[in-house]
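Working notes, structure below.
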Amino acid sequence: MLDIQQLKTLLNTPQNIVITTHHKPDGDAMGSSLGLYAYLIQKGHHVKVITPTDYPDFLHWMPYHNEVIIYTEAKEKADDLVQKADLIFCLDFNALSRINELGEVIKTTSAYKIMIDHHLEPEDFDDYRHWNIHACAAAQLVYDFIVNELEDPKGIDKDVATCLYTGIMTDSGSFRFPTATAEVYRIAANLIDSGAEHWRIHQLVYDNTTEDRLKFLGHCLTNNLEVLKDFNTAIISVTAEDLKKYNVMTGDTEGIVNYALSIGGVKLAAFVVERSDKVKLSLRSTGDFPANEICKLYFNGGGHKNAAGGFSDLNLQDTVTYLKTILDKYKTQLLT
Ligand code: 5GP
Ligand code: MN
């Protein structure tokens, strides 16, 4: 284990550092990783961000995104960097299964592992942990790590601020989830003071869709949405054929589940999609309804109370049928 003084001492001299984050990285995964990257290179470290898989086009404007190494596209190079790393920062995940094959590589290295994360039930693979399930985003914890743990508020330059703002904005649902506390708004204000252009970041992330994606969304809402009034639940299911027909790219499905949740009275929304190897589920809920419990108990997954995911080895139709039988067990909670 490391304590903060030892970590600070290590970071006083240039180190070989790898930053990694969960597969299918979202705005927080990339925001926290690139924000920390921008901070650490400013301090003279040799840093690489390695993502297990590629990430959505709507994040391809972020500072330093061209420097990111995608594991599936450059395994040898990434393995070499991981083997040579002195420190490995693990951001926005806390179970090695969330980084696919990269997890096995990281497990065997002697590098110090630093976990910065806000998910429940962390696995024990780290040497230093900055972990808080009440944080709205891993990017909020990276901010806290730099400002309060490393005591380096001046380290938040424009690039760091831009990346961290992106992570906080996306993971807090544009500052509207209960996790967006007054403290989060204060951090956002500090990030704006440090140069984050909030209006531009919002535009680049949310007003940057494609015609294909918009038509795919229309198809999902018109043809694939099922509202179960008796359960205050809405389900959108998508076949592999739909994905092909609408030329759906990485990240195009992100956020579609929120349209199902936006129906008045709906407490639970599910987006169920037939991927090449398995059926993937994204669940969203309101209030106290535990979407993560359903994912954990029935779909090999987990997540946060209001945003969780998992997968099923059944086919698409059977997965939806299975989900409906599970809803029956939660009927009281869904209706109150
Ligand atoms: P999404 O629905 O956007 O894929 O995931 C929402 C949240 O659910 C993620 O932030 C993550 O915490 C969690 N999650 C999604 N898929 C999985 C999974 O397969 N396993 C676990 N443990 N958590 C997941
Ligand atoms: Mn996150």
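The values are calculated or read from the model by the stated rules, or taken from the named source; none is laboratory data. None of the values given here were measured: they were computed from a predicted structure. Cβ atoms come from the backbone with ideal geometry, glycine included; neighbour counts cover every protein chain shown. Surface accessibility is based on the protein's heavy atoms, side chains included, excluding ligands, DNA and RNA. Shrake-Rupley method; radii C 1.70, N 1.55, O 1.52, S 1.80 Å.
At a glance:
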| quantity | calculated |
| --- | --- |
| Hits in region 227-266 - residues which are open to solvent by 70 Å² or more (accessible area, probe 1.4 Å), under 21 Å from Val279 (Cα atoms) and in a loop (DSSP other than H, G, I, E, B) | Asn247, Met249, Glu254 |
| Enumeration of residues in region 287-329 that are within 16 Å of ligand 2 (Cβ to nearest atom), open to solvent by less than 60 Å² (accessible area, probe 1.4 Å) and either under 19 Å from Ala240 (Cα atoms) or not in a helix (DSSP H, G or I) (or both) | Gly301, Gly302, Gly303, His304, Asn306, Ala307, Ala308, Gly309 |
| Residues of region 191-203 satisfying the condition of being open to solvent by 40 Å² or more (accessible area, probe 1.4 Å) and either in contact with a Cys (Cβ under 9 Å, 6 or more places away or on another chain) or not in a loop (DSSP other than H, G, I, E, B) (or both) | Ile192, Asp193, His198, Trp199, Arg200, His202, Gln203 |
| Pick from region 277-286, criterion part of a strand (DSSP E or B) and of a type outside the set (A, V, I, L, M, F, W, C), ranking: least open to solvent (accessible area, probe 1.4 Å) | Ser285 |
| Number of positions in region 77-89 that are in contact with a Lys or Arg (Cβ under 6 Å, 6 or more places away or on another chain) and either open to solvent by less than 20 Å² (accessible area, probe 1.4 Å) or not assigned by TED's automatic domain parsing to the domain that holds Lys24 (or both) | 1 |
| Count of region 119-171 residues which are over 27 Å from Phe58 (Cα atoms), away from ligand 1 (no atom under 16 Å from the Cβ) and either in a helix (DSSP H, G or I) or not hydrophobic (A, V, I, L, M, F, W, C) (or both) | 12 |
| Given (1) surrounded by fewer than 21 Cβ atoms within 10 Å (Cβ to Cβ); (2) out of contact with any Pro (no Cβ under 9 Å at 6 or more places or on another chain), index of the condition Ala188 fails | (1) |
| Only one of Tyr298, Tyr330, Tyr322 that is within 13 Å of ligand 1 (Cβ to nearest atom) and either farther than 19 Å from Ser262 by Cα or without any contact (Cβ under 8 Å) to a residue 40 or more places away in the chain (or both) | Tyr298 |
| Residues within region 43-94 that are out of contact with any His (no Cβ under 7 Å at 6 or more places or on another chain) and either assigned to a strand (DSSP E or B) or in contact (Cβ under 8 Å) with a residue 40 or more places away in the chain (or both), tallied | 28 |
| Qualifying residue in region 198-219 (condition: among the polar types (S, T, N, Q), under 30 Å from Glu241 (Cβ atoms) and within 16 Å of ligand 2 (Cβ to nearest atom)) | no |
| Condition met for Asn224 (surrounded by 15 or more Cβ atoms within 10 Å (Cβ to Cβ), more than 22 Å from the chain's Cα centre (by Cα) and farther than 28 Å from Leu314 by Cα) | no |
| Residues of region 114-127 that turn out to be more than 18 Å from the chain's Cα centre (by Cα) and surrounded by fewer than 20 Cβ atoms within 10 Å (Cβ to Cβ), as a count | 3 |
| Search result, residues across region 267-276 that are open to solvent by less than 30 Å² (accessible area, probe 1.4 Å) and within 12 Å of ligand 1 (Cβ to nearest atom) | Ala269, Ala270, Phe271, Val272, Val273 |
| Every pair of residues 6+ apart whose Cβ atoms lie under 6 Å, when the first sits in region 159-187 and is in the same structural domain as Val142 (by TED's automatic domain parsing) while the second is of a type in the set (Phe, Trp, Tyr) | Val160/Tyr39; Leu164/Tyr143; Ile187/Tyr143 |
| Residue match in region 22-37 (condition: in a strand (DSSP E or B), at pLDDT 95 or above, within 16 Å of ligand 1 (Cβ to nearest atom) and open to solvent by less than 30 Å² (accessible area, probe 1.4 Å)) | no |
| Filter result (open to solvent by less than 40 Å² (accessible area, probe 1.4 Å), out of contact with any Pro (no Cβ under 7 Å at 6 or more places or on another chain) and within 16 Å of ligand 2 (Cβ to nearest atom)) within region 128-163 | His130, Ala135, Cys136, Ala137, Ala138, Ala139, Gln140, Leu141, Val142, Tyr143, Phe145 |
